[in-house]
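The values are calculated or read from the model by the stated rules, or taken from the named source; none is laboratory data. No experiment lies behind these values; they were computed from the predicted model shown. Note: ideal-geometry Cβ built from the backbone for every residue, glycine included; neighbour counts use all protein chains shown. Protein only, heavy atoms only, side chains kept; ligands, DNA and RNA dropped before computing areas. Shrake-Rupley method; radii C 1.70, N 1.55, O 1.52, S 1.80 Å.
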Amino acid sequence: MLHDDNRISIRDLHTGEAIVTRHTADLTGHHPDDRPVMETAALVSDEFVLHAVVAGDGHEEHVLLSTRTLARATGLYYGVPMTHNSIAATDGHGRWITSNHRDDTLRLSQLPDPVDATPEQRQLW
């Protein structure tokens with residue numbers, strides 16, 4: 001997911017062609033200079049990508065975007081402020097890990113209905 005000139009894109013890995021492109025102001029509702037888009041992103045599932053923007057307090061805010069349109073599906077709040085580059089990993093099945101280098105904490109989050117959830121699995125929200 002490359003971004004430049006205040007636009008982000010999801011690209012075809014084989015050809016490099018942009019499948020969908022969106023202006024970053026559409027993600028934050030602010031001018032990109034006010035709340036710039038971070039360089040961290042993660043493909044959470046076939047339907048969603050997690051992307052980071054700078055929050056008003058200087059921390060990182062995570063937004064869940066549609067992979068089809070790059071429209072904002074929701075903002076995520078974990079109960080603690082996220083430091084920069086805190087999106088650590090994803091499995092592509094609706095789960096992702098965030099890290100906080102200040103307190104050495106890893107957090108596992110997931111969509112309400114992960115693709116491969118088992119009947120006994122506890123939901124995180």
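What ³J(HN,Hα) values, in whole Hz, does the Karplus curve 6.51 cos²θ - 1.76 cosθ + 1.60 give for the stretch 61-66 when θ = phi - 60°, with x put for Gly and Pro?
Rounded to whole hertz, the list is 10, 9, 10, 9, 10, 6.
Starting from the Cα gyration tensor of the stretch 62-115, take the square roots of the eigenvalues, sort them a ≥ b ≥ c, and report rounded, prolate or oblate (rounded when a/c is under 1.5, otherwise prolate if a/b is larger than b/c, else oblate).
prolate
Apply the Karplus parameterisation 6.51 cos²θ - 1.76 cosθ + 1.60, with θ equal to phi minus 60°, to every residue of the stretch 76-81 and state each ³J(HN,Hα) to the nearest whole Hz, in sequence, with x for glycine and proline.
10, 10, 9, x, 9, x
Express in Å², to the nearest 10, the accessible area of residue 21 obtained by rolling a 1.4 Å probe over the protein heavy atoms while all chains stay in place.
60
Please get the size of the charge dipole for the stretch 43-117, origin at its Cα centre, with Cβ charges of +1 on Lys and Arg and -1 on Asp and Glu, quoted in debye to the nearest 20.
Here the stretch 43-117 has a charge dipole of around 120 debye.
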